[in-house]
1. Go through segment 86-98 and count every residue that is more than 17 Å from residue 48 (Cβ to Cβ) and either in contact with a strand residue (DSSP E or B) (Cβ under 7 Å, 6 or more places away or on another chain) or in contact (Cβ under 8 Å) with a residue 40 or more places away in the chain (or both).
2. Among the numbered criteria (1) charged (D, E, K, R); (2) on the phi > 0 side of the Ramachandran plot; (3) more than 16 Å from ligand 2 (Cβ to nearest atom), which single criterion is violated by residue 42?
3. For a quick check of your reading of the model, give me the residue pairs whose first member lies in segment 37-60 and is closer than 13 Å to residue 19 by Cβ and more than 16 Å from ligand 1 (Cβ to nearest atom), whose second is modelled with pLDDT under 85 and in a helix (DSSP H, G or I), with beta-carbon atoms closer than 9 Å and at least 6 apart or on different chains.
4. Can you tell me how many residues within segment 13-37 are surrounded by 14 or more Cβ atoms within 10 Å (Cβ to Cβ) and either of a type in the set (Phe, Trp, Tyr) or in a loop (DSSP other than H, G, I, E, B) (or both)?
5. Looking only at segment 70-80, decide whether some residue is within 15 Å of ligand 2 (Cβ to nearest atom) and hydrophobic (A, V, I, L, M, F, W, C).
6. Select from segment 75-111 the residues that are under 17 Å from residue 15 (Cβ atoms) and aromatic (Phe, Trp, Tyr) and list them in ascending order.
7. Being of a type in the set (Gly, Ala, Ser), modelled with pLDDT of 85 or more, in contact with a strand residue (DSSP E or B) (Cβ under 9 Å, 6 or more places away or on another chain) and more than 16 Å from ligand 2 (Cβ to nearest atom) is the requirement here; does residue 24 meet it?
8. Quick check on this structure: which one of 27, 87, 65 is touching a Gly at 6+ places or on another chain (Cβ under 6 Å) and of a type in the set (Ser, Thr, Tyr)?
Amino acid sequence: MGMLVTTRCTGCGYDRELLSLGAGMGSFRDKCWMPAPCEECRQVVSIDILAPSSSRPGCGNAVASYATRGHRGGALSWRLPSDEVVSVPEFGNRFPACGASLLGFELRGPFD
Ligand SMILES: [Zn+2]
Ligand SMILES: [Zn+2]
């Protein structure tokens, strides 16, 4: 089961948007959704980090996720089918809308 998170920047007061992290029951073998900053759209988008960068949905920019591989722990971590752990920092992410590194993700619940 994946996770639903809210996106919040304490620098500019942005607070909304449910994003999906991980993947649902039917897709966890080949998908892993993670948030990524798009400097062109100036917003946070969800990308499938297991997909080739050329086939990413949304605006089509090849953005890099906030997620890092190989770091265990934290509420926002996800185990890939390869057993590798991917996690997103809960705080201190750069928010492309205002440029501050004050963006946090808060776990709201599961999604399937
Ligand atoms: Zn901000
Ligand atoms: Zn974009």
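1. Taking segment 86-98 and keeping what is more than 17 Å from residue 48 (Cβ to Cβ), we get 89-98.
Those left that are additionally either in contact with a strand residue (DSSP E or B) (Cβ under 7 Å, 6 or more places away or on another chain) or in contact (Cβ under 8 Å) with a residue 40 or more places away in the chain (or both): 90-91, 93-98.
Within segment 86-98, residues that are more than 17 Å from residue 48 (Cβ to Cβ) and either in contact with a strand residue (DSSP E or B) (Cβ under 7 Å, 6 or more places away or on another chain) or in contact (Cβ under 8 Å) with a residue 40 or more places away in the chain (or both) number 8.
2. Among (1) charged (D, E, K, R); (2) on the phi > 0 side of the Ramachandran plot; (3) more than 16 Å from ligand 2 (Cβ to nearest atom), the lone unmet condition for residue 42 is (3).
3. That search, which allows pairs on different chains as well, returns 47/53; 48/55.
4. 8
5. Within segment 70-80, not a single residue is within 15 Å of ligand 2 (Cβ to nearest atom) and hydrophobic (A, V, I, L, M, F, W, C).
6. 91, 95, 105 - these are the residues of segment 75-111 that are under 17 Å from residue 15 (Cβ atoms) and aromatic (Phe, Trp, Tyr).
7. On the way: of a type in the set (Gly, Ala, Ser): yes; modelled with pLDDT of 85 or more: yes; in contact with a strand residue (DSSP E or B) (Cβ under 9 Å, 6 or more places away or on another chain): yes; more than 16 Å from ligand 2 (Cβ to nearest atom): yes.
For residue 24, the condition - of a type in the set (Gly, Ala, Ser), modelled with pLDDT of 85 or more, in contact with a strand residue (DSSP E or B) (Cβ under 9 Å, 6 or more places away or on another chain) and more than 16 Å from ligand 2 (Cβ to nearest atom) - is met.
8. Details: 27 fails: touching a Gly at 6+ places or on another chain (Cβ under 6 Å); 65 fails: touching a Gly at 6+ places or on another chain (Cβ under 6 Å).
Being touching a Gly at 6+ places or on another chain (Cβ under 6 Å) and of a type in the set (Ser, Thr, Tyr) holds for just one of 27, 87, 65, which is 87.
The values are calculated or read from the model by the stated rules, or taken from the named source; none is laboratory data. All values reported here derive from a predicted model rather than from experimental measurement. Heads up, the Cβs are rebuilt from the backbone with ideal geometry, glycines too, and the neighbour counts pull from every protein chain shown.
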